[in-house]
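Asks: The structure is given below, and queries will be raised subsequently.
The values are calculated or read from the model by the stated rules, or taken from the named source; none is laboratory data. None of the values given here were measured: they were computed from a predicted structure. Positions of Cβ are generated from backbone atoms using ideal geometry, with glycine treated the same way; all protein chains shown enter the neighbour counts. Only protein heavy atoms, including side chains, enter the accessible area calculation; ligands, DNA and RNA are left aside. Shrake-Rupley method; radii C 1.70, N 1.55, O 1.52, S 1.80 Å.
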Amino acid sequence: MTLPNQLTVLRIILTPVFLYFFLSNDPLFIQISLAIYIIAALTDWYDGWLARKFNYITEWGKFWDPLADKILTSVVFIGFVIVKLLPLWMVLLIIFRDLSVTLLRVYADSRGYSFRTTYYAKWKTMLQMIFLYYLLILYVSKNTAEIYNQYQMIVDILLNKDIIYFVMLAITIITVHSGITYLLLNKSLIKQLLNETDKLV
């Protein structure tokens, strides 16, 4: 169990912990949830850096590291659905796209193949992350009396339902389109994997 793998396990453990604190009615717990998310996100960056620098790359890590990232992101999106900031149907589309592509890529790696990726997919991930931080910081601000009382107008404007809806809609469209583009880019490899899977069955 290398250090990067331990950090991946930590990220998975922190995911339900984040959700518990995030959904609390206690302002302090909601503030703590932001710190938990930041720590979890940092473990993602750090375990990737360690794996590359010291060649701590294992089959276990290749499977669970990308999956842990998607689990964390998916749970944060679901949290915002529960507190009624995001529409469920958009979140479900994003989760389906991200998990299905991640699992497909992991399966390809397990069979000794490497999927081609694009900067478009990386930009999609970056947009999701920026948006989640945006929502988290504003949601924490709204639930922190010292901040909200002083900046109520700014927080309310930035959390306007129409703004959130259309930004989320744009991210959903980009996410789904990047998934389709990803599948088309690797369609020959996917066909090869399906043929090999049929032979195994």
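Asks: From zero up to wherever the largest Cα-Cα distance of the chain sits, split into 10 Å bins and tell me the percent of pairs in each.
Replies: Here the calculated profile for the chain is 8, 30, 34, 20, 7, 1, 0.
Asks: Moving on to the next point. Leaving out ligands, DNA and RNA, and with a 1.4 Å probe, what % of the accessible surface on region 143-201 is carbon or sulfur? Please list the in-between numbers first.
Replies: Working: 2690 of 4080 Å².
Solvent-exposed carbon and sulfur of region 143-201 make up 66 percent of the total.
Asks: Using alpha carbon centroids, what distance separates region 1-69 and region 73-93, in Å?
Replies: 19 Å
Asks: May I pose another question? Rolling a 1.4 angstrom probe over the protein heavy atoms, how many square angstrom per residue are accessible across the chain?
Replies: For the chain, the per-residue accessible area is 58 Å².
Asks: Using a 1.4 angstrom probe on heavy atoms only, work out the carbon and sulfur share of the accessible area of region 1-133 in %. Each step should come with its number before you reach the end.
Replies: Details: 5100 of 7230 Å².
Ligands and nucleic acids excluded, carbon and sulfur give 71 percent.
Asks: To the nearest 20 Debye, how big is the dipole of the chain about its Cα centre, given +1 on the beta carbon of each Lys and Arg and -1 on that of each Asp and Glu?
Replies: I would put it at about 620 debye.
Asks: Give, to the nearest whole percent, the P(r) tail of region 113-187 beyond 17 angstrom, counting all Cα pairs.
Replies: Details: 1534 of 2775 pairs.
Everything past 17 Å amounts to 55 percent.
Asks: Further, regarding this structure: Once the Cβ-Cβ distance between residue 195 and residue 88 is put in as r, and R0 is 35 Å, what FRET efficiency do you end up with, to the nearest 0.05?
Replies: 0.45
Asks: Another question, if that's okay. Could you point to the residue in 189, 57, 67 farthest towards the positive end of the chain's charge dipole, with +1 and -1 charges on the Cβ of Lys/Arg and Asp/Glu respectively?
Replies: 189
Asks: Quick one: of 122/142; 122/191; 62/191; 84/187; 53/187, which pairs are farther than 26 Å apart, Cα to Cα?
Replies: 122/142; 84/187; 53/187
Asks: Could I ask something else about it? Can you give the relative contact order of the chain as a percent, counting alpha carbon pairs under 8 Å and 6+ residues apart? Please list the in-between numbers first.
Replies: On the way: 163 pairs, mean separation 45.4, N = 201.
Relative contact order here is 23 percent.
Asks: Which helices, taking whole DSSP H runs in the chain, have alpha carbons extending 30 angstrom or more along the helix axis plus mean Kyte-Doolittle at least -0.5?
Replies: Helices passing the filter in the chain: 27-54, 59-82, 88-110, 119-142, 161-185.
Asks: Moving to a separate point now. Looking at 160, 107, 125, which one has the Cα that reaches farthest to the positive end of the dipole of region 101-169 (charges on Cβ: Lys, Arg +1; Asp, Glu -1)?
Replies: 107
Asks: Please list, by residue number, every one of the trypsin sites (Lys or Arg not before Pro) in region 44-104 that is coil in DSSP and has at most 15 other beta-carbon atoms within 10 Å. Display every interim value, and only then the final one.
Replies: Numbers: sites: 52, 53, 62, 70, 84, 97; in loops: 84.
Hits after loop and neighbour filter: 84.
Asks: For an R0 of 22 angstrom, estimate the FRET efficiency from the Cβ-Cβ distance between residue 20 and residue 81 and round to the nearest 0.05. Working shown, then result.
Replies: Values: r = 16 Å, r/R0 = 0.73.
With a Förster radius of 22 Å, E is 0.85.
Asks: Something else about it: Simple spin-label model, 7 Å along Cα-to-Cβ: residue 38 to residue 113 in nm?
Replies: 4.2 nm
Asks: Rounded to the nearest 0.05, what FRET efficiency do residue 127 and residue 54 give with R0 = 25 Å and r taken as the Cβ-Cβ distance? Could you check?
Replies: 0.25
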